1. Report, ordered by the first and then the second residue, all pairs with beta carbons closer than 6 Å, sequence separation of six or more or different chains, a first member in region 318-335 that is within 15 Å of Asn100 (Cα to Cα), and a second member that is among the small types (Gly, Ala, Ser).
2. If you go through region 287-314 one residue at a time, how many are surrounded by fewer than 16 Cβ atoms within 10 Å (Cβ to Cβ) and modelled with pLDDT of 95 or more?
3. What residue, among those in region 188-221 that are outside any helix (DSSP H, G or I) and touching a residue at least 24 places away in the same chain (Cβ under 8 Å), is surrounded by the fewest Cβ atoms within 10 Å (Cβ to Cβ)?
4. Filter region 260-315 for residues that are outside any loop (DSSP other than H, G, I, E, B), more than 27 Å from Pro220 (Cα to Cα) and not β-branched (Val, Ile, Thr) and give the result.
5. When you go through (1) over 22 Å from Glu114 (Cβ atoms); (2) without any contact (Cβ under 8 Å) to a residue 24 or more places away in the chain; (3) assigned to a helix (DSSP H, G or I) one by one for Glu231, which number turns out not to apply?
6. For region 236-272, enumerate the residues that are at pLDDT 95 or above and among the hydrophobic types (A, V, I, L, M, F, W, C).
Amino acid sequence: MKRKHIFILVAVIVVNVIVFIGLANWRAQKQEQSRIMLRDATRYAAATGPTITAFDERTKRWIAELKDEPIEEILQKLTDAAEFTHGVILASDGLRSFSNEEWRERSYYRIDREAVLSNRRFRAAYECLKNINRRQAAELLSTNIRENLAVLRTMLQEDLDMVARDEHSGFISVTTSISADDTYRPMSHPDYPPTRTGRRFAVFSYIWLASILELREVRPAIEEVIEFAKEEYKLFNTVEREARNFKSALLSQSLYNPSLLLTATLCDPNWNADKHKLLETKLVTREVVDYQARALEHDRYARQGLVPVVPHDGMIVIRYYTEITDEELNDFFGK
């Protein structure tokens, strides 16, 4: 019995030591995090003046608006193309080509990803969705995906009809939005319906949010997106290279983005899990600040080093695939 008591006593001591060490490490990490944040705040304290003040005021107004919006409104307004376009400028290097997969990744697919991440509303949607019932969150995303797909299908049919009439060789513009009020955030004109660009970025946002939150119930809607994107890409490949402007417009307004489409399948960990393992080297894990941060990583003054990129509450862990090829995407779905 004595030996048993000694064993229990030793076990209790070991557990207490482990807990103590764990707490000590946790406190140390928190202290280091606080020290870094304080250092950054001190470092940028000198960044003052009317320009920075105006930036801060715009940010506060944007955050306050998002706080007041119900999740339904936040998701619906993800169709506003103006909220994404400033990120495109950051992501683009000015050279755009669709000649091969490597160039499409560089000129189109990568830009789509950064444009979504540059939108403060996208991060606000994540914060709201993670705090509500998972089934409700899945239903909201599925509904929004399908509503926008319905409109995009009509637009795709117009493209098909144009090609059938051989009227696609002229210059085709890519409509984004008309800024109605840029005093605190990019904003499309309220009297006009969402543009094609806005709807595609909204769908990208919805499927990405489903993957981050692993909402399995959204999978059927995501499968519809993937099939539709393949239809768009099929049209892109049938258009002759001579109709370059039309071909470029098709790709820039298409939902076909192999990396984001494969990222969407992370909504269900069991979705071809064995094939996910084969692509682990192309899966990126990235941390970004929450939507209430003073500045996002994509904001102009943050990139210039004038405003600190420090989370308000915590970091958001984002996972996505990069440089997924057509062959890898088709192989994943067994076609």
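The values are calculated or read from the model by the stated rules, or taken from the named source; none is laboratory data. Just so it is clear, the structure is predicted and the values come from calculations on it, not from any experiment. Glycine gets a Cβ as well: all are built from the backbone with ideal geometry, and neighbour counts include every protein chain shown.
1. Every condition considered, the pairs that remain are Ile324/Ser259.
2. 1
3. At the first step, the residues of region 188-221 found to be outside any helix (DSSP H, G or I) are 188-195, 214-215.
Imposing the further condition that a residue be touching a residue at least 24 places away in the same chain (Cβ under 8 Å) reduces the set to 188, 194-195, 214-215.
Details: Ser188: 23, Pro194: 20, Thr195: 21, Glu214: 12, Leu215: 23.
Selected residue: Glu214.
4. Going residue by residue through region 260-315, those that are outside any loop (DSSP other than H, G, I, E, B) are 260-267, 273-278, 280-289, 300-303, 315.
In the following step, the residues that additionally are more than 27 Å from Pro220 (Cα to Cα) were identified as 287-289, 300-303, 315.
Once the filter is applied, which keeps residues that are outside any loop (DSSP other than H, G, I, E, B), more than 27 Å from Pro220 (Cα to Cα) and not β-branched (Val, Ile, Thr), region 260-315 yields Glu287, Arg300, Tyr301, Ala302, Arg303, Met315.
5. (2)
6. Correct list: Leu255, Leu260, Leu261, Leu262, Ala264, Leu266, Cys267, Trp271.
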